[in-house]
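To start, the structure itself, in structure tokens.
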Amino acid sequence: MKSGNLVETIQIERFTTTVNDAGTPVQTWTRLCTLRAERVDQTTEEFIRGFGASDEELVIFRARFFEGITNADRVIWNGDAFNIKQVTPIGRRKGVELRCVRIMP
């Protein structure tokens, strides 16, 4: 993985529950890390679903290894949130490939 290819900036967020001043649990997304990444592929497909037609955007990112990224996290890229569908480690803690999906109604 060449550092010159890491031209995109992505943020990994994790869904957490915190307690506000009133003692009520509040569920929010908190930033886990900010990574430089390479956009490997980006495609859009149209699907017919129960609620009608929708587009699904698939983006594959390759980034340096960061411990603890799971499918429960999400990626923020260019202001849009993408669900992580697959996390594939590259080598021995060398890098990680993230397959992310965003559904656009």
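Points to keep in mind about this one:
- Extreme residue, surrounded by the fewest Cβ atoms within 10 Å (Cβ to Cβ), among residues of the range 66-83 that are under 18 Å from Gly95 (Cα atoms) and of a type in the set (D, E, K, R): Glu67
- Qualifying residue in the range 9-27 (condition: over 12 Å from the mean Cα position of the chain (by Cα), surrounded by fewer than 10 Cβ atoms within 10 Å (Cβ to Cβ) and touching a residue at least 12 places away in the same chain (Cβ under 8 Å)): yes
- Matching residues, the range 54-71, being of a type outside the set (S, T, N, Q), modelled with pLDDT under 95 and touching a Phe, Trp or Tyr at 6+ places or on another chain (Cβ under 7 Å): Glu56
- Strands (runs of 3 or more DSSP E) wholly inside the range 1-87 containing at least 1 residues that are over 16 Å from Arg99 (Cα atoms): 8-19, 25-49, 52-64
- Pick from the range 88-97, criterion assigned to a strand (DSSP E or B) and in contact (Cβ under 8 Å) with a residue 60 or more places away in the chain, ranking: nearest to the chain's Cα centre (by Cα): Gly95
- Residue count, the range 29-65 (criterion: surrounded by 15 or more Cβ atoms within 10 Å (Cβ to Cβ), touching a residue at least 40 places away in the same chain (Cβ under 8 Å) and over 13 Å from the mean Cα position of the chain (by Cα)): 1
The values are calculated or read from the model by the stated rules, or taken from the named source; none is laboratory data. Being a predicted model, the structure only gives us computed values, none of them experimental. Positions of Cβ are backbone-derived with ideal geometry, glycine not excepted, and every protein chain shown enters the neighbour counts.
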